[in-house]
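The values are calculated or read from the model by the stated rules, or taken from the named source; none is laboratory data. Keep in mind that what you see is a predicted model, and the values were worked out from it rather than measured. Every residue, glycine as well, gets a Cβ built from its backbone with ideal geometry; the counts of neighbours run over all protein chains shown.
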Amino acid sequence: MTLDTKKTKKFGLRKLFRPTRPPIKEDDEKVNLSFLKKLATTKKHEDILTLIENETIPTVRDAWIAYFLKITKQSYGKGK
């Protein structure tokens, strides 16, 4: 029994030293599609943009946006 109480005490201390993050506002996490359209230079970029526009599930949409930004970052990095 003494081992169980020590574990709970450690767990309680973790909360003290690791404060919770403030909640993210929904307005901050939305990406403006007009900015993404300016970055679209190839057919592949435009296809991904249409997928982003038509997606209804927010987590899948965020994944497509992350993939789009990853690809555009790589394509711009090759020229330099």
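Taking only region 58-80 into account, find how many residues are over 16 Å from F35 (Cα atoms) and either part of a helix (DSSP H, G or I) or modelled with pLDDT of 90 or more (or both).
9
Here is a list: K44, K38. Which entry is modelled with pLDDT of 65 or more, surrounded by 10 or more Cβ atoms within 10 Å (Cβ to Cβ), at negative phi and within 22 Å of the chain's Cα centre (by Cα)?
After applying the criteria, what remains is K44.
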